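For reference, the structure is listed below as structure tokens.
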Amino acid sequence: MKRFKNILYALGSESESDATCALARAVALARANEARLTALAVVDRLPADTRLTGVGLTTDRLQQALLEQAEQRLRQLLQDTAGTTADAEIKVATGTPFLEVIGDVLNNDRDLVIKCAETSGRVGRLFGSDDMHLLRKCPCPVWLCKPSDGGRYRRILVAVDAEGFYPRAERETRHALNLLLLQLAAALAQAESAELHVAYVWSALGEGVMRGTALLAPEEQINAYIATERQRHAQALESLLDELKAIIEARGEPWPQPQRHLPKGAARSELPALAGRIHADLVVLGTLGRTGVPGLFIGNTAESVLHQVDCAVLALKPPGFVSPVAR
């Protein structure tokens, strides 16, 4: 499946080796998808027309030098990565990095942003401030590569939510997002010859209260209820995978034989734990909180998961998401 047609690679403050890893994946994706690739670097915006005492320069000249330096860095990275600069259009801009990236996405209809994850500066957290802004506010998928992430992915983990208790409109939105996530993860697994792991973290409504108040129900009834709920959630996951299989087979593509995971508990803890257990190289998830709210940023569960995983992440917004960043 050729999912991407207009890819934006965003250069951050990472080292040259880390930048090359992310750019190599962007170039490979663009070639595989026959997609347009643009490489963007953003530098600080300096005060206009201010003379710098003692050096005979103005901030305008210094700004131009920063832009030229950033452009040269992009050209060299492309040369080192692809052996040519012809694979990508090169752009440089001034301003706040995440705002410039999202502005470029909105103005040029990008369908993927890919960059190397920043170092957050906090122990145990991979993603920095600009990364989180992009994950919250960028309307197209955001792919954050782990620093020094080289070679192909061996295991791809995609997280879905097949719960049926949501209001109808939200349930439909989540279902559409689930299918987008599954199709994209399946296509990437095929392209990378990787294992595809599908996770649906579920819980049994009211279990905590039942177990905490023995008068509500005897233990054997509670256990029977939990078993029934697990079966219901397993069937919901299978129904989703049946839809995915029908879509893939209709395209004449091979079925990836996904491995199912149905951990019970809270997604914010179970998903990162599962990613660690299976040594996932990439986690694909939706950043969805309450639906129907224009400009909604990111769900609390997704944000908690993102702060705990130690691998690359590909995050998708639901259909109809409206970025809070003005065009």
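The values are calculated or read from the model by the stated rules, or taken from the named source; none is laboratory data. This one's a predicted model, so the numbers in the text were calculated from it and none came from an experiment. Note that each Cβ is placed from the backbone with ideal geometry, even for glycine, and that neighbours are counted across all protein chains shown. What goes into the accessible areas is simple: the full protein's heavy atoms, side chains included, and nothing from ligands, DNA or RNA. Shrake-Rupley method; radii C 1.70, N 1.55, O 1.52, S 1.80 Å.
Name the residue, out of 8, 74, 37, that is in a helix (DSSP H, G or I), touching a residue at least 24 places away in the same chain (Cβ under 8 Å) and under 24 Å from residue 134 (Cα atoms).
74
Report yes if residue 270 is part of a helix (DSSP H, G or I), in contact (Cβ under 8 Å) with a residue 60 or more places away in the chain and surrounded by 13 or more Cβ atoms within 10 Å (Cβ to Cβ), otherwise no. Answer is yes for this residue.
Take the residues of the stretch 163-194 that are among the hydrophobic types (A, V, I, L, M, F, W, C) and at pLDDT below 90: which is nearest to residue 3 (Cα to Cα)? The extreme case among them is 191.
Quick grid of which residues meet (1) of a type in the set (D, E, K, R); (2) over 16 Å from residue 91 (Cβ atoms):
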site	(1), (2)
11	no, no
30	no, no
37	no, no
53	no, yes
56	no, yes
60	yes, yes
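Taking (1) part of a loop (DSSP other than H, G, I, E, B); (2) surrounded by 14 or more Cβ atoms within 10 Å (Cβ to Cβ) in turn, residue 48 satisfies each apart from (2). Is it the case that the stretch 14-23 has a residue that's modelled with pLDDT under 90 and outside any helix (DSSP H, G or I)? Yes; the residues of the stretch 14-23 include at least one that is modelled with pLDDT under 90 and outside any helix (DSSP H, G or I). Taking (1) open to solvent by less than 30 Å² (accessible area, probe 1.4 Å); (2) out of contact with any Lys or Arg (no Cβ under 7 Å at 6 or more places or on another chain) in turn, residue 84 satisfies each apart from (1). Take residue 221 and tell me if it is part of a helix (DSSP H, G or I), farther than 23 Å from residue 176 by Cβ and open to solvent by 60 Å² or more (accessible area, probe 1.4 Å). In short, yes. Tallying residues that are under 18 Å from the mean Cα position of the chain (by Cα) and outside any helix (DSSP H, G or I) within the stretch 151-197 yields 13. Just one of the listed residues (37, 77, 66) is crowded, with 16+ Cβ neighbours inside 10 Å and touching a Lys or Arg at 6+ places or on another chain (Cβ under 9 Å), namely 37. Scoring residue 228 on the criteria (1) surrounded by 14 or more Cβ atoms within 10 Å (Cβ to Cβ); (2) part of a helix (DSSP H, G or I); (3) modelled with pLDDT of 90 or more; (4) of a type outside the set (Phe, Trp, Tyr) leaves a single failure, condition (1).
On inspection, residue 60 does not qualify as acidic (Asp, Glu), buried (at least 18 other Cβ atoms within 10 Å of the Cβ) and not in a loop (DSSP other than H, G, I, E, B).
When you check residue 235 against the structure, is it surrounded by fewer than 16 Cβ atoms within 10 Å (Cβ to Cβ), over 16 Å from residue 196 (Cβ atoms) and modelled with pLDDT of 95 or more, yes or no?
Spelling it out, residue 235 is indeed surrounded by fewer than 16 Cβ atoms within 10 Å (Cβ to Cβ), over 16 Å from residue 196 (Cβ atoms) and modelled with pLDDT of 95 or more.
Which count do you get for residues in the stretch 242-257 that are surrounded by 13 or more Cβ atoms within 10 Å (Cβ to Cβ) and under 18 Å from residue 162 (Cα atoms)? Total satisfying the criteria: 4.
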